[in-house]
Amino acid sequence: MGIPRLLVSYTIFISLFSHTAIATNSTLTPAQNLTDGQALVSPNQRFELSFFSPGNSKNRYLGIRYRNLPLTVVWVANKNRPITDASGQLTVTENGALVIKNGSDGIVWDTNGTEAGNSPILQLLDSGNLVVRENESGDFIWESFDYLSDTLLPGMKLGWNVKTGLNRVMRSWKSNEDPSDGEFSFSLDPPESPQLILRKNSENQYRWGPWDGARFSGSNELKTNPVFTPIFTSNSDEVYYTYQVLNNSVLFRFVVTQLGLVQYYTWRNEEWVMMVTLNRDYCDRYAMCGAYGNCYNDDVPCRCLKGFTPKSPQDWNLLDSSSGCRRKHELNCSNNIGDGFVKYSGLKLPDRSVLWENYNLEECRTECLKTCNCMGFTNINVSGNGRQCVVWLDELVDIRHFPDGGEEIYIRMARAELGMYLLPILLYSFFTC
């Protein structure tokens, strides 16, 4: 006699429920293991740490996800070394290291080098940060927030621990079914003059920066708004970007997608809704108009800055402006003949800026003029401690027309060019030697 269909269904249900039983504890000690089918749950019940399989993959990964939502993973431990079955387990060693093993007792991931005092403890915090403490109330000796995946949660830091040299970089997933490192990375670098850069492998794709005290130059999306507050910190210990959501009941995440999009999402009406895309138009692409080319988001996107002309008119006529622009008059770095500076406004600041001393605008101009390869300067609040002198020591690349919130920059020009389109008296009294 066959087994009744109802009994078969009930048996399957019990099996699934047993396998996905959730441990309500938020901590793990060296005396315990976290096995596939169990989870640590943050005290606010928002996040859980558990093994999962993305998409249609049968590989198993240990990650942090939003609890009670369709699978939305925000951090993955063994992203580059999956487990092929449900035998995985996480342990905390006596010295505070985390170790993931498979069924054959092979180590697939660990936090090598972690050292703790007495009684280390693993804890999943309400923020989604997985931390190892020296004891129940001790300092963090390791935290998942230092090792980003494709997601930046509120409070996560994108950028540098200057003292240790740790660079926290976001990396896209390879695919929906493979959380290993994909083609795209999003970082804040260099720490001396920080800007946001999206790369495809090692090639720059998009850039925002440097920080001007309110936003990264070239983007109005990363400034204070009704939903979140951007936070930029620069001191001798750390240089990083993070953000704070104004309403803690709102779920919010910042993601680098597999297609290289940099996007903010919020959970609304039972789905993730895209709020902001940073790289959203033609002019956001890196160096679209080449050196000294200015990108406009209209029918004629690339134009040379005043005082410059296309290097290759033939290419520009074929709508290929990547060769950029050249000067109409060559520079002559001499105290006798002397170059000068012309102010340009409403621009996204160029790439490869260098932070100099805390010079005021006139001192910055003077020092830049003394340096023959100094092609431009400005004075902005890079570190949040007042305006500082920022210079460019090479060709000016990746500029765009940005009238709403753009910056001022003073660009080095030959003396023959100075009087052609600005008032000679103003130029020679203030901008030249």
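The values are calculated or read from the model by the stated rules, or taken from the named source; none is laboratory data. Since the model is a prediction, treat every value here as computed from it, not as a measurement. Reconstructed Cβ throughout: ideal geometry from the backbone, glycine too, with neighbour counts over all protein chains shown. The area values use the complete protein model at the heavy-atom level, side chains included, leaving out ligands, DNA and RNA. Shrake-Rupley method; radii C 1.70, N 1.55, O 1.52, S 1.80 Å.
So the values come out like this:
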quantity	calculated
Within the range 248-257, considering residues that are touching a residue at least 12 places away in the same chain (Cβ under 8 Å) and part of a loop (DSSP other than H, G, I, E, B), the one farthest from Gly155 (Cα to Cα)	Thr257
Filtered residue count, the range 47-59, keeping only those that are more than 13 Å from Pro70 (Cα to Cα) and open to solvent by 30 Å² or more (accessible area, probe 1.4 Å)	3
Set Arg352, Arg387, Arg303: member being among the basic types (Lys, Arg), modelled with pLDDT under 90 and either on the phi < 0 side of the Ramachandran plot or not assigned by the TED database to the domain that holds Asn220 (or both)	Arg387
All positions within the range 258-284 that are part of a loop (DSSP other than H, G, I, E, B) and open to solvent by 50 Å² or more (accessible area, probe 1.4 Å)	Gln258, Leu259, Leu261, Asn269, Glu270, Arg280
Number of the exception - Leu361 against (1) out of contact with any helix residue (DSSP H, G or I) (no Cβ under 8 Å at 6 or more places or on another chain); (2) within 23 Å of Arg207 (Cα to Cα)	(2)
Among (1) touching a residue at least 24 places away in the same chain (Cβ under 8 Å); (2) within 16 Å of Asp212 (Cα to Cα); (3) assigned to a strand (DSSP E or B); (4) open to solvent by less than 40 Å² (accessible area, probe 1.4 Å) - the single one Val382 does not satisfy	(3)
Residue within the range 182-190 that is surrounded by fewer than 17 Cβ atoms within 10 Å (Cβ to Cβ), polar (S, T, N, Q), at pLDDT 90 or above and not assigned by the TED database to the domain that holds Arg387 present	no
Members of the range 25-35 that are assigned to a strand (DSSP E or B) and open to solvent by 20 Å² or more (accessible area, probe 1.4 Å)	Thr27, Asn33, Thr35
Conditions (1) more than 26 Å from Ser185 (Cβ to Cβ); (2) within 28 Å of the chain's Cα centre (by Cα); number of the one not met by Asn118	(2)
